[in-house]
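Every number here is computed from the coordinates shown, using simple stated rules; none is lab data. Remember, it's a predicted structure, so these values are computed and weren't measured experimentally. Cβ coordinates were reconstructed from backbone atoms using ideal geometry, including for glycine residues, and neighbour counts include every protein chain displayed.
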Amino acid sequence: MFDDQAFQSWPAIMAGALLFGGLFTLLALMTELIFEGAFRVTSTVVGFGVAAFFGYIGTILILRQGGPPDGS
């Protein structure tokens, strides 16, 4: 699925993580608007975005540790 150059550039990784975290923050804000009736930034909204950011970084680190596939 990916070649050996995937996820090698830390600036690209950080940009992707920020985008991923931002999208999940926006999702949490829209959920807050639907269920609470107000578009507010709460600790839950921020926590959701931060968790998505670090989840993306953690996934990248796991993928980078795996090394190249054995070709079988």
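Miscellaneous remarks
- The stretch 19-40 and the stretch 44-59 have their alpha-carbon centroids 14 Å apart.
- Sum of side-chain charges, VAL45 neighbourhood, beta-carbon under 11 Å (Lys, Arg +1; Asp, Glu -1): -1
- Couplings 3J(HN,Hα) for the stretch 20-32, derived from phi with the Karplus relation 6.51 cos²θ - 1.76 cosθ + 1.60 (θ = phi - 60°), are 4, x, x, 5, 6, 5, 4, 4, 5, 5, 5, 5, 4 Hz, where x marks Gly and Pro.
- Gyration tensor verdict on the stretch 11-65 (Cα atoms; rounded if a/c is under 1.5, prolate if a/b is larger than b/c, oblate otherwise): prolate
- Taking 7 Å steps out from each Cα toward its Cβ at ILE62 and LEU33 produces label points 3.2 nm apart.
- Cβ-derived FRET efficiency at R0 35 Å, SER9 paired with SER43, nearest 0.05: 0.60
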